[in-house]
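Novice: One structure, pasted below without further comment.
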Amino acid sequence: MNNNMMLGVIDATTYMEAMAPLVEQRSIAAVPFAGRYRLIDFVLSSMVNSGIESVAIFSKYQYRSLMDHLGSGKNWDLNRKRDGLFFFPSPDLLFSGERRVGAFAHFEQHIDYFLRSRQKYAIIANGYTVCNIDFAEVLVSHIERGCDVTRICRRGEPLEMYLLETSLLLDLIADYKNRGYRSIVDVVRDGRHSLSICDYEYTGYAAVIDSVGQYFRSSMELLDRNVWEQLFLAERPIYTKVKDEPPTKYGREGIVKRSMIANGCVIDGTVENSVLFRSVKIGKGAVVKNSIIMQKCQIGDGCVLDGVIIDKDAKVEPGVVLKGTADQPFVVRKGTVQGEVASR
């Protein structure tokens with residue numbers, strides 16, 4: 001089978017209130033995850049590893065950081081003369097005083113991309129599902145079963161990824177206003193059409209990151225070796241923007257247990273059951289448990305953190321105690337200074 005039979009479409013136009021405050025300054029697809037990645041890296045890498053050479057990303061909210069992360073697509077081998085990575089920012093759409101929302105409305109604004117594409121099939125996916133899936137296997141199943149649309153699921157739950165012929169996608173975009181469709185999700189749920197909808201059961205690890213609580217729980221799951229081995233495969237690597245950092249430095253009083261530590265950190269306190277991104281500093285006597293500390297954060301001497309998410313470039317002053325839970329983690333916003341004792 002020709003490896004270049006599929007078109008990749010990533011719908012990054014979604015805003016989720018349940019992900020605030022992590023999406024106040026970035027799109028959900030650009031939220032950091034697993035110590036050195038962004039959420040979009042997983043579906044984008046899956047597409048590239050499946051032989052997809054043309055990927056279109058449709059974005060809407062706070063997309064500057066996403067564009068900076070993706071760049072030309074070089075880190076995913078998508079900076080090519082033919083096909084490659086395409087980025088389509090989508091503003092609010094107004095037609096004759098009517099506001100049009102949904103993925104199909106954004107696809108319509110860039111219909112030339114679909115019309116010029118040579119690929120017979122299209123994968124439509126969101127930018128916030130964490131998995132490592134072989135879309136080529138999905139395509140084989142789709143063809144063998146004679147499906148019009150294949151919905152990818154895990155344990156019966158949709159992962160918000162779909163496969164269909166590009167020609168059918170074009171028909172749906174052309175007719176979405178008449179049928180009241182906003183996205184492919186509406187098509188699958190509509191029982192009025194005669195399309196054959198098939199489910200493909202994905203058996204690997206997957207998590208749909210649609211709330212701060214789910215983000216926290218999925219991050220903690222990565223500390224389970226079985227989960228890690230399902231997600232990070234040698235034959236199907238997860239690519240990301242390359243950043244060179246020195247090795248992490250462990251002080252004489254530094255203690256680390258069951259944690260994921262990225263490069264460039266300085267650890268002079270205790271870190272347990274936590275995820276530390278690049279260049280995080282943990283002060284002397286500080287205790288960090290069950291927490292996620294993003295890039296370039298500073299944790300002061302004597303701090304106690306448990307059930308906490310600290311966004312990028314934030315600082316926690318010495319002696320501060322912050323506590324949250326798995327369902328309601330305490331979140332320190334990006335670039336802020338946390339100087340008050342707080343708990344949840």
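Novice: Sort out which residues of segment 189-200 are at pLDDT below 95 and either acidic (Asp, Glu) or open to solvent by less than 20 Å² (accessible area, probe 1.4 Å) (or both), and write them in order of number.
Specialist: Scanning segment 189-200 gives a single hit, 190.
Novice: Separate question: Enumerate the pairs (first residue in segment 133-146 and over 15 Å from residue 51 (Cβ atoms) and in a loop (DSSP other than H, G, I, E, B); second residue anywhere and open to solvent by 10 Å² or more (accessible area, probe 1.4 Å) and not aromatic (Phe, Trp, Tyr)) with beta-carbon separation below 9 Å, excluding pairs fewer than 6 apart on the same chain, so at least 6 apart or on different chains.
Specialist: Qualifying pairs under 9 Å: 146/196; 146/198.
Novice: Scan (1) out of contact with any helix residue (DSSP H, G or I) (no Cβ under 9 Å at 6 or more places or on another chain); (2) buried (at least 19 other Cβ atoms within 10 Å of the Cβ) for the single condition residue 40 breaks and write down its number.
Specialist: Exception for residue 40: condition (1).
Novice: Give the residues of segment 217-233 that are closer than 17 Å to residue 325 by Cα and of a type in the set (D, E, K, R), sorted by residue number.
Specialist: Of everything in segment 217-233, those that are closer than 17 Å to residue 325 by Cα and of a type in the set (D, E, K, R) turn out to be 217, 221.
Novice: Moving on. Taking only segment 52-83 into account, find how many residues are surrounded by fewer than 17 Cβ atoms within 10 Å (Cβ to Cβ) and either touching a helix residue (DSSP H, G or I) at 6+ places or on another chain (Cβ under 7 Å) or not in a loop (DSSP other than H, G, I, E, B) (or both).
Specialist: 5
Novice: Only one of 1, 16 is modelled with pLDDT under 95, open to solvent by 10 Å² or more (accessible area, probe 1.4 Å) and over 24 Å from residue 109 (Cα atoms); which?
Specialist: Of the residues listed, the single one that is modelled with pLDDT under 95, open to solvent by 10 Å² or more (accessible area, probe 1.4 Å) and over 24 Å from residue 109 (Cα atoms) is 1.
Novice: How many of the residues in segment 163-178 are open to solvent by 10 Å² or more (accessible area, probe 1.4 Å) and outside any helix (DSSP H, G or I)?
Specialist: 1
Novice: Limited to segment 232-249, what total is found for residues that are surrounded by 12 or more Cβ atoms within 10 Å (Cβ to Cβ) and either basic (Lys, Arg) or out of contact with any strand residue (DSSP E or B) (no Cβ under 7 Å at 6 or more places or on another chain) (or both)?
Specialist: The qualifying residues number 9.
Novice: For segment 260-277, state whether one or more residues are surrounded by fewer than 20 Cβ atoms within 10 Å (Cβ to Cβ), without any contact (Cβ under 8 Å) to a residue 40 or more places away in the chain, more than 23 Å from residue 39 (Cβ to Cβ) and of a type in the set (A, V, I, L, M, F, W, C).
Specialist: The answer is yes, given that some residue of segment 260-277 is surrounded by fewer than 20 Cβ atoms within 10 Å (Cβ to Cβ), without any contact (Cβ under 8 Å) to a residue 40 or more places away in the chain, more than 23 Å from residue 39 (Cβ to Cβ) and of a type in the set (A, V, I, L, M, F, W, C).
The values are calculated or read from the model by the stated rules, or taken from the named source; none is laboratory data. Note that the structure is predicted; figures quoted are calculated from it, not measured. Positions of Cβ are generated from backbone atoms using ideal geometry, with glycine treated the same way; all protein chains shown enter the neighbour counts. With ligands, DNA and RNA removed, areas are computed over all heavy atoms of the protein, side chains included. Shrake-Rupley method; radii C 1.70, N 1.55, O 1.52, S 1.80 Å.
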